[in-house]
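Q: Please find one structure pasted underneath; my questions will follow.
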Amino acid sequence: MSKLIVFVQVHGRPGLLEAEVSESVTLGEIHDLLRAAGVQVDSETLVFVGEAEHHHAGDPHQHVSGIKRGSRIHVTRCHRIKVTVNFMHRSAEHDFPPGVPVRVVKQWAVHEFKMDPKDAVEHVLQICGSTERPTSDTPLHQLVQGQACTLCFDLVPEKRVEGCA
């Protein structure tokens, strides 16, 4: 049986864990891998593969589908993440799976606010009340603070150019 290299991202823990798993890895084997890496695994631990809508739960002998070479396995306590995006005087909310990257939220917001594609390219998502602008491939669960499964972004110009007076 061939082995695959996957990358594990754990809610509240920076960085990636690189792991080798079989193509037919089970949920129990993923939990064992997490425990060996010092990650607490309990009944509230949810395992998502990539940007999947649903987590893997239940029988530890259950095959974890969707695993392929280079897959990202997301470990979190959030079933969904409620995201609010503010743009100018408007706000919009949407629930996303925890493994969704920031770029997907931006695409949704651009569509939701009916932005011109030329303008959209010049805007980025910035965490509300901060100057932090996460990279487009950052999964949402990596940005969630504590036990809350919510995020707030402002859609702001990437660079503001002021004219001379």
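Just so you know, all these numbers are worked out from the coordinates, no wet-lab data involved. These numbers come from a predicted model, not from an experiment. All Cβ positions, glycine included, derive from the backbone under ideal geometry; neighbour counts span all protein chains shown.
Q: List, in order, the whole-Hz ³J(HN,Hα) value for each residue of segment 97-108 obtained from phi through the Karplus relation with A = 6.51, B = -1.76, C = 1.60 and θ = phi - 60°; use x for Gly and Pro.
A: Karplus values, whole Hz, x for Gly and Pro: x, x, x, 5, x, 3, 4, 5, 5, 5, 4, 4.
Q: As a test of the formula, what do you get for the chain when each DSSP H run with n ≥ 4 contributes -39,500 (n - 2.57) and the sum is divided by the residue count, at 222 nm and rounded to the nearest 500 deg cm²/dmol?
A: -4500 deg cm²/dmol
Q: Next question. By how many nm would the segment from ASP32 to ARG13 lengthen if fully extended, with 0.36 nm per residue of separation less the alpha-carbon distance?
A: Result: 5.1 nm gained on full extension.
Q: Once fully extended, how much extra length lies between VAL121 and SER65, figured as 0.36 nm per residue of separation less the alpha-carbon to alpha-carbon distance?
A: Extra length from VAL121 to SER65 when fully extended: 16.7 nm.
Q: If you count the DSSP beta bridges with both ends in segment 81-157, what percent of them are antiparallel, to the nearest 5?
A: Counting only bridges with both partners in segment 81-157, antiparallel ones make up about 70 percent.
Q: For the chain, count all C-alpha to C-alpha pairs, find those more than 25 Å apart, and express that count as a whole percent of the total.
A: 38 percent
Q: What share of the DSSP beta bridges in segment 1-84 is antiparallel, in percent to the nearest 5?
A: In segment 1-84, DSSP labels about 75 percent of beta bridges as antiparallel.
Q: In whole Hz, what ³J(HN,Hα) sequence does segment 125-130 give by Karplus (6.51, -1.76, 1.60; θ = phi - 60°), x for Gly and Pro?
A: Listing the rounded values in order: 8, 10, 5, 3, x, 9 Hz.
Q: Hey, another quick one. Please list the non-local residues whose amide H lies under 5 Å from the amide H of VAL25, H modeled 1.01 Å from N, same-chain partners needing a gap of 5 or more.
A: Answer set, sorted by chain and number: VAL64.
Q: Return the percentage of antiparallel bridges among DSSP beta bridges fully within the chain, rounded to the nearest 5 %.
A: 75 percent
Q: Tell me, what is the FRET efficiency for SER22 and LYS159 to the nearest 0.05, using R0 = 45 angstrom and their Cβ-Cβ distance as r?
A: Here the calculated transfer efficiency is 0.45.
Q: Going by the alpha-carbon gyration tensor, a ≥ b ≥ c the square roots of its eigenvalues, is segment 81-157 rounded (a/c under 1.5) or, if a/c is not under 1.5, prolate (a/b greater than b/c) versus oblate?
A: Note, shape of segment 81-157 comes out prolate.
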